[in-house]
Amino acid sequence: MELSVLNINGQETGRKVTLSDSVFGIEPNDHAIYLDVKQFLANQRQGTAKSKERSEMSGSTRKLGRQKGGGGARRGDINSPVLVGGARVFGPKPRNYGFKLNKKLKALARRSALSYKAQNNAIVVVEDFSFEAPKTKEMKAVVKGLGVCGKKPLFVLPEANKNVYLSARNLQCTKVAVASDINTYGVLNAGVLVVAESSVAAIEAVLNK
């Protein structure tokens, strides 16, 4: 698949980039995508929810009523779960929601997500660019010039660029990522991928291992 390289004003530079079929042209595997996205979202969970069990409650341990003849449950002390203000049965405990996936499956998921974007013509290749200083106004002009305003663009850079990142931070729904760090969720969540020219080779190098 060939794409024209645009400058930051959205004009063609006359150069073209060929996207590798092994990364951008495979038959997408929906189950691999599901597992990778599920793992990503699970890793975002803090897992700090906690409720008190019976032994952790503060309160008298005196038995409130006799064992039999009360006409109700044998509820024991005031910390009983059957009483208002008592403990909670089988409540949440701090836990780690993450789980492992092998590297090949995660790579397949990312290739599948990129292939979906290529099929939907949702990839724009732009020449490498940078800013002398963080300027939201300049980044906004780039987004407007490329025609991706309001399309949830994800800018994929070949390497970390602090000025570009800070320039995009205040723009709604505009994200910046490094080619080696892109993930399935980020690719699918973006409306359009704006890939820097040098990032194409970097992405293919990572996913063709």
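With respect to the conditions (1) open to solvent by 60 Å² or more (accessible area, probe 1.4 Å); (2) in contact (Cβ under 8 Å) with a residue 60 or more places away in the chain; (3) closer than 30 Å to THR18 by Cα, VAL125 falls short on a single one, namely (1).
Residue check: is THR61 open to solvent by 90 Å² or more (accessible area, probe 1.4 Å), polar (S, T, N, Q) and modelled with pLDDT of 90 or more? It is false that THR61 is open to solvent by 90 Å² or more (accessible area, probe 1.4 Å), polar (S, T, N, Q) and modelled with pLDDT of 90 or more. Of the set (1) among the hydroxyl-bearing types (Ser, Thr, Tyr); (2) over 21 Å from GLN11 (Cα atoms); (3) open to solvent by less than 70 Å² (accessible area, probe 1.4 Å), all apply to TYR185 but (3).
Screening ALA196 on (1) over 20 Å from VAL17 (Cβ atoms); (2) open to solvent by less than 50 Å² (accessible area, probe 1.4 Å); (3) in contact with a strand residue (DSSP E or B) (Cβ under 7 Å, 6 or more places away or on another chain) shows it passes everything except condition (1). Of the numbered criteria (1) out of contact with any helix residue (DSSP H, G or I) (no Cβ under 8 Å at 6 or more places or on another chain); (2) in contact (Cβ under 8 Å) with a residue 40 or more places away in the chain; (3) closer than 16 Å to LEU19 by Cβ, the one GLY191 fails is (3). Please verify whether segment 49-70 includes one or more residues that are among the basic types (Lys, Arg), more than 30 Å from GLY186 (Cβ to Cβ) and in contact (Cβ under 8 Å) with a residue 40 or more places away in the chain. Yes, that holds for at least one residue. Residues of segment 110-165 that are charged (D, E, K, R) and out of contact with any strand residue (DSSP E or B) (no Cβ under 9 Å at 6 or more places or on another chain): ARG110, ARG111, GLU132, LYS135, LYS137, GLU138, LYS140, LYS144, LYS162. The residues of segment 166-193 that are in contact with a strand residue (DSSP E or B) (Cβ under 6 Å, 6 or more places away or on another chain) and among the polar types (S, T, N, Q) amount to a single one, THR174. For segment 97-106, the criterion of being surrounded by 11 or more Cβ atoms within 10 Å (Cβ to Cβ) and within 30 Å of VAL148 (Cβ to Cβ) is satisfied by at least one residue. Would you confirm whether or not segment 34-47 contains a residue that is open to solvent by less than 100 Å² (accessible area, probe 1.4 Å), assigned to a helix (DSSP H, G or I), at pLDDT 95 or above and among the hydroxyl-bearing types (Ser, Thr, Tyr)? No, every residue in segment 34-47 fails to be open to solvent by less than 100 Å² (accessible area, probe 1.4 Å), assigned to a helix (DSSP H, G or I), at pLDDT 95 or above and among the hydroxyl-bearing types (Ser, Thr, Tyr). Screening VAL17, VAL23, VAL82 for residues that are over 30 Å from LEU154 (Cα atoms) and surrounded by 11 or more Cβ atoms within 10 Å (Cβ to Cβ) leaves exactly one candidate, VAL82.
The values are calculated or read from the model by the stated rules, or taken from the named source; none is laboratory data. Predicted model only: the values in this text are computed from it and were never measured. Virtual Cβ from ideal backbone geometry, glycine too; neighbours counted across all protein chains shown. Each accessible area value is taken on the protein alone, full model and side chains, heavy atoms only, with ligands, DNA and RNA left out. Shrake-Rupley method; radii C 1.70, N 1.55, O 1.52, S 1.80 Å.
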